[in-house]
Each structure stands twice: as structure tokens, then as C-alpha cells.
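Novice: The structure that follows is given in the form of C-alpha cells.
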Amino acid sequence: FRVERLLESGDSRERIYTRVQQLLTAAPPGVERSEQVQLVTDRLGLTADAAAALTAPVAATVTGGGGRRVRMSAREMDERLFVGMCFALGAQADTFLTDLDVADFSQASLWEAATHARREAAGDATPEEAHSWAPLKAELNALAAREGPSPRVLEELYWKIRLHSVAAELKKLGDSADLGLRQQQRLQELQQLRLSFLERLEDVRAQAPDR
């Protein structure tokens with residue numbers, strides 16, 4: 001009943017999707033939830049991926065060794081949202097993925113997911129790959145749907161990933177007790193990069209509709 005009220009609320013398609021998703025991810029699996037998903041899919045004209053993301057929980061924590069729940073860092077959350085945007089935006093993400101590599105990610109698996117999104121957008125992914133990545137893709141699509149996929153948000157996340165990567169290398173160098181000449185030069189380069197990336201990030205944020 002609440003889902004039907006949201007569908008008839010007159011809000012934007014994106015807002016309805018987000019609010020319905022919040023309801024359905026909290027609802028227990030079953031016939032009734034499946035019927036609600038189908039109703040929303042039909043009324044909003046959703047793709048198969050967007051429909052699957054309606055019931056994909058977005059975790060604020062991950063399961064570590066021994067079943068422990070580990071809270072994600074801001075870097076990990078940004079990386080996951082970035083990959084979700086790559087899946088959602090398809091070929092529009094190609095430019096940003098070209099300039100990144102595995103060293104820019106805190107987890108190799110997220111970089112691998114991003115490269116799969118790129119192959120998928122190009123039509124080069126195999127059915128086996130698609131099946132293997134489907135669970136993570138659904139989860140990250142749900143994360144992206146909450147934010148609202150857009151090239152501007154993707155670009156903002158791209159610069160945040162570059163900043164996280166530089167910050168991690170700066171910290172590593174900063175933890176060294178004795179830096180050689182080459183390391184000192186690299187430290188200066190990284191500090192300049194950080195300032196440059198911050199400026200680019202602020203430029204992108206200044207383009208946001210609410211500013």
C-alpha cells in the first residue's frame with residue numbers, strides 16, 4: 001500500500017525510485033515483495049538492472065574475517081559509489097576509467113569490477129563474467145541509484161578517488177623516518193598533485209545544480 005502511494009505521489013521518477021527502494025530493501029523476501037517490485041518496474045519503466053537494485057541492500061559495513069562486521073572508510077564508500085556509477089552510466093564512464101588503474105583503489109576487487117563495467121559497456125563482457133559480477137553489480141547499482149547517476153557526480157567521485165590515492169601515498173611517505181632525496185622530491189610532487197586535484201574537485205562541485 002505504501003509503495004502504491006509513493007507511485008501516485010507526483011514526485012520525480014528518481015525520488016520515487018529512491019523512496020520505494022528504501023521500503024523494499026527493508027521488506028522481507030517473498031511473493032508480496034516480488035509483486036511490488038514488478039509493479040514498480042512496470043509503472044516506472046525500469047531496466048532489469050534497476051529493478052534488481054530495488055531489493056539489493058546497500059551495506060555501510062563489510063564482513064571481515066571470522067564474520068566480523070567492519071565499517072567502511074570514506075575512501076571505500078567513494079570507490080564503491082564510483083563503480084556503481086560506472087555500471088549505471090555505461091560508456092560515459094570510459095573517459096574516467098582510462099585514467100585510473102588498480103593502484104588508485106584500496107581494493108583490487110573494486111578495480112576489477114570497474115574494468116568489468118567498462119567491458120560490459122563496450123559489449124565485450126562474457127555471460128560467465130556477467131553472472132559472476134551480478135551480485136556486486138546489483139548492490140553497487142542500488143548505491144548509485146540512491147545518489148542519482150549523473151556524469152557530474154561521476155566526475156566528482158573520480159577526483160575524490162585520485163585524492164584518496166595521493167593521500168594514501170603521502171601518508172606512507174610521511175610515516176618514513178628518513179626520506180632520501182628522491183623520496184623528498186616525490187613528496188613535493190604529491191603535495192602539488194593534491195592541491196591540483198582539490199582545485200579540480202572544487203570546480204566540479206561548483207557546477208552542482210544547487211549552487
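Novice: Let me have the relative contact order for the chain, percent, based on Cα pairs under 8 Å that are six or more residues apart. Let's see the in-between values first.
Specialist: Working: 185 pairs, mean separation 43.6, N = 211.
Across the chain, relative contact order equals 21 percent.
Novice: Given R₀ = 25 Å, what would the calculated FRET efficiency be for Asp94 paired with Ser73, taking r from the Cβ atoms and rounding to 0.05? Present the calculation step by step, with values, prior to reporting the outcome.
Specialist: Values: r = 27 Å, r/R0 = 1.07.
With R0 = 25 Å, the Cβ-Cβ based efficiency is 0.40.
Novice: Can you compute the helix-only [θ] at 222 nm over the chain? Use -39500 (n - 2.57) per DSSP H run of at least 4 residues, normalise by all residues, nearest 500 deg cm²/dmol. Could you put the intermediate results ahead of the total?
Specialist: Numbers: 10 runs with 146 residues, N = 211.
Mean residue ellipticity at 222 nm (helix-derived): -22500 deg cm²/dmol.
Novice: Here are some values of percent of Cα pairs over 23 Å apart: (i) 49; (ii) 54; (iii) 59. Which one was computed from this structure?
Specialist: From the options (i) 49; (ii) 54; (iii) 59, the structure gives (ii).
Novice: Continuing with this model, one more query. How much of the accessible area of the chain, probe 1.4 Å, is carbon plus sulfur, in whole percent? Intermediate values should be presented prior to the final figure.
Specialist: On the way: 6110 of 12290 Å².
Roughly 50 percent of what the probe reaches on the chain is carbon or sulfur.
Novice: Let me ask you something else. Once you sort the root eigenvalues of the Cα gyration tensor of region 110-181 as a ≥ b ≥ c, which label holds: rounded (a/c under 1.5), prolate (a/b larger than b/c) or oblate (the other case)? Before the final figure, lay out each step's value.
Specialist: Working: a/c = 2.91, a/b = 1.95, b/c = 1.49.
The shape class here is prolate.
Novice: Multiply the residue separation of Thr47 and Ser196 by 0.36 nm, subtract the distance between their alpha-carbon atoms, and state the gained length in nm to one decimal. Each step should come with its number before you reach the end.
Specialist: On the way: separation 149, 0.36 × 149 = 53.64 nm, distance 3.84 nm.
Fully extending the segment from Thr47 to Ser196 adds 49.8 nm.
Novice: Given a 1.4 angstrom probe, what's the average accessible area per residue across the chain, in square angstrom?
Specialist: Ligands and nucleic acids excluded, the figure is 58 Å² per residue.
Novice: Taking the simple approach of a point 7 Å from Cα along Cα-to-Cβ for both Gln183 and Thr25, what is their distance in nm?
Specialist: For Gln183 paired with Thr25, the spin-label model returns 4.2 nm.
Novice: Let me ask you something else. Taking R0 as 30 Å, what FRET efficiency do you get between Ser12 and Ser109 from their Cβ-Cβ distance, rounded to the nearest 0.05? Intermediate values should be presented prior to the final figure.
Specialist: Working: r = 34 Å, r/R0 = 1.12.
The formula returns an efficiency of 0.35 here.
The values are calculated or read from the model by the stated rules, or taken from the named source; none is laboratory data. Since the structure is predicted, the reported quantities are computational estimates derived from the model, not experimental observations. Neighbour counts are summed over all protein chains in view; Cβ atoms, including those assigned to glycine, are modelled from backbone coordinates with ideal geometry. Note: accessible area is taken over every heavy atom of the protein model, side chains too, but ligands, DNA and RNA are not part of it. Shrake-Rupley method; radii C 1.70, N 1.55, O 1.52, S 1.80 Å.
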